[in-house]
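Trainee: Structure incoming, see below.
The values are calculated or read from the model by the stated rules, or taken from the named source; none is laboratory data. Please read these numbers as outputs of a predicted model, since none were measured by experiment. Methodologically, a virtual Cβ is constructed for each residue, glycine included, from the backbone with ideal geometry; neighbour enumeration extends over all protein chains shown. Keep in mind that these areas ignore ligands, DNA and RNA; they rest on the heavy atoms of the full protein, side chains included. Shrake-Rupley method; radii C 1.70, N 1.55, O 1.52, S 1.80 Å.
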Amino acid sequence: MRLALIGYGNVGRAFARLLERKRAAFPFRICGIHTARHGTAIDPKGLPIDPPFGPAAPSIGEFLDEVKAAVAIEITPLQPATGEPAISHIRAAFARGVHVVTANKGPVAHAYHLLDAEARAAGVQFRFESTVMDGAPVYNMVRNNLPGVGVLGFTGVLNSTTKIVVEAMCDGRSLREGVALARRLGIAETDASYDIDGWDSAAKACALANVLMDARVAPASVEPKGIGRLTTRRVQELAAKGKTVRVVSRAERTSSGVTIQVKAETLECTDLLAAPQGSSNLLLLHTDLMGTIGVVSIQPGVEQTAYGVLSDLTDIARAE
Ligand SMILES: NC(=O)c1ccc[n+]([C@@H]2O[C@H](COP(=O)([O-])OP(=O)(O)OC[C@H]3O[C@@H](n4cnc5c(N)ncnc54)[C@H](OP(=O)(O)O)[C@@H]3O)[C@@H](O)[C@H]2O)c1
């Protein structure tokens, strides 16, 4: 199955490495890669992990026309204010009858219902497991394993970078040093202020609410409160009292619709929501038939995001 990658940064490269490792088991071939500054690489026979980039294709449409892929993988940076240009990339793929897998939560946070309808009209699939909790199954778990279950709300600690920053501050380092550490691990957003100020968490919460709760929400309505004003001293004072800080995302169905709150909360270290360390994440789904059930991902890295992409692809390939 031919693949076209739009974006080839941390996730794209981890995905290419994963395919290389599992080549015997999965019949996928990366035939095109399009980036912002590195240019475009196309080879119908399949590209190596470090492809020879040539000049950038004039447009996404022309790139997709040349690659003739069955699936486009959209892995450009998050733009929490608009979801673009990823939304346009996805539409360009649908317009050509190409399935889409994305790890970019922007399109799901901004335009899930529209894109889902457009994918159905085009007879293609739109999948996005890696947008929240990296590769840990959340959307697929609800879709495949919880038939008839209504999601009434959720509580999540969904952003890895802020946890790494808080831990670094607890060890006496600065917020900036913590961000540099998350960047080295390949898990910070391209613009890490989206992590620090809560926009990544807001986009994830909106994506979850739109898909699992049939909400019509977008990040701008969330007004997230992140950890931008937190100091090393404050984190150490809290630690001395057995407390810590986590950016917590909460969603609830009310009579006026789904409300979402994203804010840095001071928690007892013994609180379940304080338990995820480092890049670990936790999501609790509050449901009508199954009470509260959770998904935990312990120290995921970009390899797990790549796996989420692969799991979506496998589903698409099975249905073909
Ligand atoms: N990293 C993680 O752990 C993780 C986890 C879950 C989800 N995600 C999501 O996955 C996506 C990718 O993350 P990443 O860490 O791989 O980002 P990244 O390392 O910054 O890479 C982004 C890639 O997108 C390319 N790009 C930027 N604008 C583009 C455009 N307009 N058209 C085509 N290509 C464009 C860049 O091109 P150049 O190479 O030329 O700059 C680069 O190759 C993001 O949406 C992120 O939120 C990431």
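Trainee: Helix 86-95 versus the longest principal axis of the chain: what angle, 0 to 90°, nearest 10, using Cα atoms?
Mentor: The two axes meet at around 30 degrees.
Trainee: With r as the distance between the Cβ atoms of Glu237 and Arg318 and R0 = 45 Å, compute the FRET efficiency 1/(1 + (r/R0)^6) and round to 0.05.
Mentor: Working: r = 53 Å, r/R0 = 1.17.
Computed FRET efficiency for Arg318 and Glu237 comes out at 0.30.
Trainee: In percent, how large is the relative contact order of the chain, given Cα pairs closer than 8 Å and 6 or more residues apart?
Mentor: 19
Trainee: For a quick check: with amide H placed at 1.01 Å from N, whose amide H comes under 5 Å from Arg127's, ignoring anything fewer than 5 positions away on the same chain?
Mentor: Val100, Val101, Thr102
Trainee: Another one. Can you check what the net charge comes to around Ala72, using other residues whose Cβ is under 14 Å from the Cβ of Ala72 (Lys, Arg +1; Asp, Glu -1)?
Mentor: That works out to 0.
Trainee: Could you give the size of the charge dipole of the chain about its Cα centre, using +1 on the Cβ of each K and R and -1 on the Cβ of each D and E, expressed in debye and rounded to the nearest 20?
Mentor: 360
Trainee: What full-extension length gain, to one decimal in nm, is calculated for Ser255 and Asp116 as 0.36 nm per residue of separation minus the Cα-Cα distance?
Mentor: 47.5 nm
Trainee: Quick one: pull the percentage of alpha-carbon pairs in the range 200-320 with a separation above 24 Å.
Mentor: 41
Trainee: Rolling a 1.4 angstrom probe over the protein heavy atoms, how many square angstrom per residue are accessible across the chain?
Mentor: Value for the chain: 44 Å² per residue.
Trainee: Using alpha-carbon positions, what is the distance between the centroids of the range 98-118 and the range 279-320, in Å?
Mentor: First find each Cα centre; the distance between them is then 17 Å.
Trainee: Right, something else. Got a sec to turn the phi values of the range 177-193 into Karplus ³J(HN,Hα) couplings, 6.51 cos²θ - 1.76 cosθ + 1.60 with θ = phi - 60°, whole Hz, x for Gly and Pro?
Mentor: Result, rounded to whole Hz: 5, x, 5, 4, 5, 4, 5, 4, 7, x, 10, 6, 4, 3, 9, 5, 5.
Trainee: Right, something else. Taking K and R as +1 and D and E as -1, what net charge do the other residues with C-beta under 9 Å from the C-beta of His113 add up to?
Mentor: Net charge around His113: -1.
Trainee: A further question on this structure: Which residue, Phe26, Gly178, Val245, has the largest displacement toward the positive end of the dipole of the chain when charges sit on each Cβ (Lys, Arg +1; Asp, Glu -1)?
Mentor: Gly178
Trainee: Now for a different question. If I take R0 = 45 Å and measure r between the Cβ atoms of Glu223 and Ala95 in this structure, what FRET efficiency does the formula 1/(1 + (r/R0)^6) give, to the nearest 0.05?
Mentor: For Glu223 and Ala95, the calculated efficiency is 0.85.
Trainee: Still on this structure: Between Gln299 and Glu84, how many nm apart are label points set 7 Å from Cα along the C-beta direction?
Mentor: Using points 7 Å along Cα→Cβ, the separation is 4.2 nm.
Trainee: Given +1 on the Cβ of Lys and Arg, -1 on the Cβ of Asp and Glu, and no further charges, what dipole in debye does the range 70-226 carry about its Cα centre, rounded to the nearest 20?
Mentor: 240
Trainee: If you build a Gaussian network model of the chain, linking Cα atoms that sit under 10 Å apart, which residue out of Pro51, Pro224, Pro147 swings the most?
Mentor: Per the Cα network of the chain with a 10 Å cutoff, Pro147 tops the list.
Trainee: Checking the table Lys204/Lys243; Lys204/Lys241; Lys163/Lys263; Lys22/Lys45; Lys163/Lys241; Lys163/Lys243 against a 20 Å threshold on Cα-Cα, which pairs fail?
Mentor: In this structure, Lys204/Lys243; Lys204/Lys241 exceed 20 Å between Cα atoms.
Trainee: Output the peptides 71-80, 309-318 sorted from most to least packed, where packing is the average of other Cβ atoms within 10 Å over each peptide's residues.
Mentor: 71-80, 309-318
Trainee: Quick check: Cα centre of the range 209-255 to Cα centre of the range 68-95, how many Å?
Mentor: If you average the Cα positions of each part, the centres end up 27 Å apart.
Trainee: With a sphere of radius 14 Å drawn around the Cβ of Gln261, what net charge do the other residues whose Cβ falls strictly inside it have (Lys, Arg +1; Asp, Glu -1)?
Mentor: +3
Trainee: Still on this structure: Please turn the phi angles of the range 310-320 into ³J(HN,Hα) values with the Karplus equation 6.51 cos²θ - 1.76 cosθ + 1.60 (θ = phi - 60°), one per residue in order, whole Hz, x for glycine and proline.
Mentor: These are the phi-based 3J(HN,Hα) values: 5, 5, 5, 4, 4, 4, 5, 4, 4, 7, 6 Hz.
Trainee: Show me, for the range 118-127, the HN-Hα J-couplings you get by feeding each phi into the Karplus relation (A = 6.51, B = -1.76, C = 1.60, θ = phi - 60°), rounded to Hz, glycine and proline as x.
Mentor: Here the 3J(HN,Hα) series is 5, 5, 4, 4, 7, x, 10, 9, 10, 10 Hz.
Trainee: Quickly estimate the mean residue ellipticity at 222 nm for the chain, helices only: each DSSP H run with n ≥ 4 gives -39500 (n - 2.57), and the total goes over all residues, rounded to 500.
Mentor: On the way: 11 runs with 121 residues, N = 320.
Taken over the chain, the calculation gives -11500 deg cm²/dmol.
Trainee: Measuring from a point 7 Å past the Cα of Thr266 along Cα-to-C-beta, which residues in the range 214-248 have an amide N at less than 18 Å?
Mentor: 225-248
Trainee: Further question: In Å and whole numbers, how far do the C-alpha atoms of the chain stretch along each principal axis, longest first?
Mentor: Principal-axis extents of the Cα atoms in the chain, largest first: 60, 44, 35 Å.
Trainee: Find which of Ser297, Pro224, Ala264 sits farthest along the positive direction of the dipole of the chain, computed with +1 on the beta-carbon of Lys and Arg, -1 on that of Asp and Glu, about the Cα centre.
Mentor: Looking along the dipole axis, the top candidate is Ser297.
Trainee: What size of dipole, in debye to the nearest 20, comes out for the range 1-78 about its Cα centre when the only charges are +1 on Lys and Arg C-beta atoms and -1 on Asp and Glu C-beta atoms?
Mentor: That gives the range 1-78 a dipole magnitude of about 400 debye.
Trainee: Round to the nearest 0.05 the FRET efficiency obtained for Lys22 and Asn145 when R0 = 25 Å and r is the Cβ-Cβ distance.
Mentor: After rounding, the FRET efficiency stands at 0.60.
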